[in-house]
Every structure is written in structure tokens, then in C-alpha cells.
Amino acid sequence: MSQPRVFVLTCVSMLAFAGNSLLCRLALKTTGIDPASFASMRILSGALMLWLIVRARGGAHQLPGNWPSAFSLFCYAACFSYAYVGLPTGTGALLLFGAVQVTMIGYGLWSGERLSAWQIVGLVLAFAGLVGLLLPGLSAPPLREAVLMLVAGAAWGVYSLRGRGTQDPARATAGNFLRAGIFAIALSAITRAHTSLDTAGFAYAITSGALASGVGYIIWYTALRGLKATSAASVQLSVPVIAAVGAIVLLDEAVTPRLLVASIVILGGIGLVIFERRKAR
């Protein structure tokens, strides 16, 4: 695969991942859709899109995947939606990304991976940035929603860890989305008393599920074929930044000094861990 094509595919997939935060916040802030309905429509439309793509490739029979991974995927999507009821877009994306990376790095440590001195510094910085972002104050994010986003990030980290080494990630993701759809339907049934249907909100949810999630993951898996592992991890540092810039333009959200400092500390710390890991290898 040519490097220009890899670059374009990578940029598009990062825009798609950041788009999930923007679309969710946009729907919950400007339309009447409830978070459970948004999460359910996102999962179901993503499942349908992925199934159609895999079917077009001739591989829709006996989709791989498993129920624990599907439940992790569902927990991520549900907590993500409920968190964005009160979180600004950039703050939510930063908390999500930080929790994903800390979960995956923490698993590496638990599995016996050893960190260099600089990696330890980076991990401490990332933790400090997350704590600093959540400390009480006028610009602190609402605690309940912040905790939900951290849970969403941990769930996505677990899902990513469980999917490592998958031979066909596109088919596995399709299978897990289809299974997660069962949990999504159950969530909508349980919360039906609070259901609020909205045409614009549904459009945002379907766009998030079918395009930003379904098509976005397929593009990302294609780009991964031309990326080194460290490059793939490093480029994801751009997602919270893209989401924050998009929120300024589309949602008129302000970037507070606390968010700016926390972003530098968290992303810088995680970047240090990633780059030091590359040097060690």
C-alpha cells in the first residue's frame, strides 16, 4: 500500500473517531434524543453497516466475535452516551482517550511488562493530568459524567485488548457489534419510560454508528496494514485534539486553561510511554 494512501486513510479514520464525540455531544445538546436511544441506534446502525460491508466481501457467514467482547463494546457505547449528557466534547474525548491508554498500559504492567524510567515518568504525568482535570473547581467537568466516560474508556481498552491478534478484525468487529445489539435493545427496553425520540437526534446517531463507527473502523483496519504498531498508537493522540477543535467550530465550546494544560500533560505523558516503547523495541 502506498504511503500517500495510508496517510489519507489514517486521517479519515481519525476524523471519524473524533466525529463520534462530536456527533454524540451535538445530538444530546441540541436535540431531544435520550442517551439510551442514541447508544442503541449507534450500535444497531453500526452492526448493520459492518454486516453489509462484510457481506459485500463475501464473509458474512459465521461471523467471529464473542459475548464478553460484545458486552465491553456495549458498555463503552452506553457509558459514552450518558457521559456526553453533561461533558464538553473536548473534555470527554480526552478522558476517554486517557482511560483507554491507561487501561492498556496497566494491563501490560499486570502481565509483566517492564517500563523504563521515562515510561514511568510518562505514566505518572498521564495520571496526574487526569486527576488535575477532575479536581473540584469552576472549570471541573461534572463528576458523574466524568466517571462514566472513564468507565467507557476502560471498557474500550478491554475490548481492544481482547481483540489483539484477531485474524480478521473487520469480521470480528461486525460479529461483536451484532451481539452488542442485543444488549442495546435490552437497554432501550429497560429505559423505555425515559425514551425521547427525535428525528435529528436519530440522524446523528445513525451517522455516528454507520459512518463514524462502522465505516470508520473498516478504514482504520485498512490503514493499519501500512502503519507500524507505534505509529498506529501515536497517531491516535490526535483524536482528542481534533474533537476539541471541532467542538469550538461546531458547538461554540470554549477551551479552558485547565483543559489545555491537562491535554498537554495527559497526551504528552502517553506519548512518552509510546515513544519509549518504540525505542526499547
All other residues with a Cβ under 11 Å from the Cβ of Tyr204 taken together, and with Lys, Arg as +1 and Asp, Glu as -1, what is their net charge? +2
In Å, the Kirkwood estimate of hydrodynamic radius for the range 3-280 over Cα pairs equals 18.9 Å
Using Cβ contacts closer than 10 Å as the measure, can you line up Ser111, Ser188 from fewest to most? Ser111, Ser188
Gyration tensor (alpha-carbon) shape descriptor, the range 56-131, a/c threshold 1.5: oblate
What helices in the chain pass both tests, a Cα length along the helix axis of 15 Å or more and a mean Kyte hydropathy of -0.5 or higher, using whole DSSP H runs? 3-30, 35-56, 67-83, 89-110, 117-134, 143-162, 169-190, 238-250, 257-280
Averaging 1/r across every pair of distinct alpha carbons in the range 155-256 and inverting yields a Kirkwood hydrodynamic radius, in angstrom, of 16.5 Å
If you project the alpha carbons of the range 35-88 onto their three principal axes, what span does each projection cover, largest first, in Å? 42, 21, 16
Given 25 °C and 0.890 mPa s, how large is the Stokes-Einstein diffusion coefficient of the range 56-184 in µm²/s, with Rh as the Kirkwood radius over Cα pairs? 153 µm²/s
How much net charge surrounds Leu251 when only the other residues with a Cβ under 10 Å from the Cβ of Leu251 are counted, with Lys and Arg +1 and Asp and Glu -1? 0
Ranked packing of 11-17, 119-125, most packed first, by mean Cβ within 10 Å: 11-17, 119-125
Would you mind putting 251-262, 147-158, 80-91 in packing order, based on average other-beta-carbon counts within 10 Å, highest first? 80-91, 147-158, 251-262
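Every number here is computed from the coordinates shown, using simple stated rules; none is lab data. If you're wondering where the values come from, they're calculated on a predicted model, not measured in any experiment. When we count neighbours, we look across all protein chains shown, and the Cβ atoms used for this are built from the backbone with ideal geometry, even at glycine.
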